[in-house]
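Reviewing the structure listed below.
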Amino acid sequence: MSDNKKIPRNYANRYLGYKFFKEGKNGFEVIRVKKVKDNDKIKCINLDNGNTITINLDQLKEYTPLEPYGVLSVNIVEVAGEKDVVLILYKLLELKIMGMNSPYAICRQSINDFFADLIYNNPEENNMVGISCSRDNCPANIDFNQLATCDNILESNIVYLYRDDTLNSILQVIPLLSKIDNVLDNLYDTYCKTNNILDIYIKGKYKFKDGWCGDLKTLLRENNFMADFNSMCDITEVDFDIKNYLNTRESGVQELTYPALLFFDEVFKVNAIETRVIKYNYNIDLSKFNNTNYVFLRDNTGDVYLVVYLVDGEFLEKELEDKINKLDITERLQLTYFDKYSNLRNSIN
């Protein structure tokens, strides 16, 4: 950015969701672009305290941008005269190399939920809608690239994402959120009225029926969008608080406790004998770990950890199973699992 020129407003719009940092008296200040206002002001989230601040566009020159990992295209579209909501997720690196024809995952409301076909004895009885689908889990009989097809794009924004993003932090930086929620709420209400379904949910509360969602948070949560996001970021999500399963060695290095190590071996099919656990931050240079084994874990608080590990010998499943069976039931850990279809299964059965 030139020091003697103003930053054009459309330039700043390219940085929605971007994180910037600068060094201050008390360490580094990190902010995230939330919205560009009409008067050339930028609304940002201060990631140290969660407060929203407003700065001039030219003040961005005082900060250094942090490279994002992903890109989210957020769209209100039109199909056959009806509005719909479509979100398309990309890896930034792939987007730079291959352009917009390289989506990793697509989340959409007004589309048949083909995953639910497996639950019904007769798939033609399936009236569930809404999906989040990645190119890795898309059924062979579905054309993945056609999932985002529409007649017209009414509104669209690009938002940049980071490996440590959570559902709530993503929602914080989506500028079309109120408009999207309005579209989804109207679709939900229309479905209930058309099918003579009594809306048993209080306005403003959780609204979900047959896959129709009253707001974007519900759409993303019910369709397990974060599982696709984690998969894109090479993150495995676990259903426990990792900091409660760490030991600190004399050197100050943190490692997984014995129950967590057995769980780790079971999930990744390795015989790890030593681990080093680091809470994910932007100072980590992953190139330093190119010659080592490492994985990313997200715990049930939303925090992401880098786990570097050493292995010795082959993975022996029976031996590991015997060790796990000797653990107290309270020490047995598990992966995060969300089942959108639990109520549907119960109603069919």
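Grab the beta carbon distance between Ile119 and Glu23, set R0 = 45 Å, and tell me the FRET efficiency rounded to 0.05.
Values: r = 54 Å, r/R0 = 1.20.
Plugging the Cβ-Cβ distance into 1/(1 + (r/R0)^6) gives 0.25.
In whole percent, what relative contact order does the chain give with Cα contacts below 8 Å and a gap of six or more residues? Please list the in-between numbers first.
Values: 575 pairs, mean separation 45.4, N = 349.
Over the chain, the number comes to 13 percent.
Given contacts defined as C-alpha pairs under 8 Å and at least six residues apart, what's the relative contact order of the stretch 154-291, whole-number percent? Provide the component values of the computation, followed by the final result.
Numbers: 90 pairs, mean separation 22.0, N = 138.
Across the stretch 154-291, relative contact order equals 16 percent.
Select from Asn196, Leu219, Leu184 the residue farthest towards the positive end of the dipole of the stretch 156-238; place +1 on Cβ of Lys and Arg, -1 on Cβ of Asp and Glu, and compute about the Cα centre.
My answer, from the dipole projection, is Asn196.
Only helical DSSP H runs with n ≥ 4 go in: add -39500 (n - 2.57) per run for the chain, normalise by residue count and round the 222 nm mean residue ellipticity to 500 deg cm²/dmol. Working shown, then result.
Working: 9 runs with 78 residues, N = 349.
The helix contribution divided over the chain gives -6000 deg cm²/dmol.
If I take every Cα pair under 8 Å that is 6 or more residues apart in the stretch 240-331, average their sequence separation and divide by the length, what percent do I get for the relative contact order? Each step should come with its number before you reach the end.
Details: 116 pairs, mean separation 28.7, N = 92.
The value is 31 percent.
Exposure proxy check: Arg135, Arg249, Arg163 ranked by fewest other beta carbons within 10 Å? Please list the in-between numbers first.
Details: Arg135 15, Arg249 10, Arg163 20.
Ordered from fewest to most neighbouring Cβ atoms within 10 Å, Arg135, Arg249, Arg163 come out as Arg249, Arg135, Arg163.
For labels at Asn46 and Asn141 in the simple 7 Å Cα→Cβ model, what's the distance in nm?
Here the answer is 5.6 nm between the modelled labels.
To the nearest 20 Debye, how big is the dipole of the stretch 81-201 about its Cα centre, given +1 on the beta carbon of each Lys and Arg and -1 on that of each Asp and Glu?
Roughly 440 debye for the stretch 81-201.
Could you tell me the distance between the Cα centroids of the stretch 47-120 and the stretch 230-278, to the nearest Å?
30
Report, in debye and to the nearest 20, how large the dipole of the chain comes out about its Cα centre when Lys and Arg carry +1 and Asp and Glu carry -1 on their Cβ.
Numbers: 41 positive and 52 negative charges, 320 e Å.
Roughly 1540 debye for the chain.
Along the positive direction of the dipole of the stretch 240-331 (beta-carbon charges: Lys, Arg +1; Asp, Glu -1; about the Cα centre), which of Asn283, Asn247, Ile324 reaches farthest?
Highest projection toward the positive end goes to Asn283.
Just to confirm the filter: which chymotrypsin sites (Phe, Trp or Tyr not before Pro) across the stretch 112-207 are DSSP coil and have at most 13 other Cβ within 10 angstrom of their Cβ? Let's see the in-between values first.
Values: sites: Phe114, Phe115, Tyr120, Phe144, Tyr160, Tyr162, Tyr188, Tyr191, Tyr201, Tyr206; in loops: Tyr120, Tyr162, Tyr201, Tyr206.
Filter output for the stretch 112-207: Tyr206.
If the only charges are +1 at each Lys and Arg Cβ and -1 at each Asp and Glu Cβ, what is the size of the charge dipole of the stretch 15-84 around the Cα centre, to the nearest 20 debye?
Numbers: 11 positive and 11 negative charges, 52 e Å.
With Lys and Arg at +1 and Asp and Glu at -1, about 260 debye.
Students often get this wrong: which residues of the stretch 53-79 have the backbone nitrogen under 12 Å from the point 7 angstrom along Cα-to-C-beta of Ser156?
Answer for the stretch 53-79: 73-78.
Near Val77, within a Cβ-to-Cβ distance under 13 Å, what is the net charge of the other residues, with Lys and Arg +1 and Asp and Glu -1? Each step should come with its number before you reach the end.
Numbers: positive: Lys83, Arg108, Lys179; negative: Glu78, Glu82, Asp84, Asp151, Glu155.
With Lys, Arg at +1 and Asp, Glu at -1, the net is -2.
Rank Asn56, Tyr90, Tyr206 by how far each Cα sits towards the positive end of the charge dipole of the chain (+1 on Lys, Arg Cβ; -1 on Asp, Glu Cβ) and give me just the farthest.
Asn56
We did not get these values from a lab; they are worked out from the coordinates using the rules stated. Everything numeric in this text was worked out from a predicted model, so none of it was measured. Because the Cβ atoms are built from the backbone with ideal geometry, glycine has one as well, and the counts that use them run over all protein chains shown.
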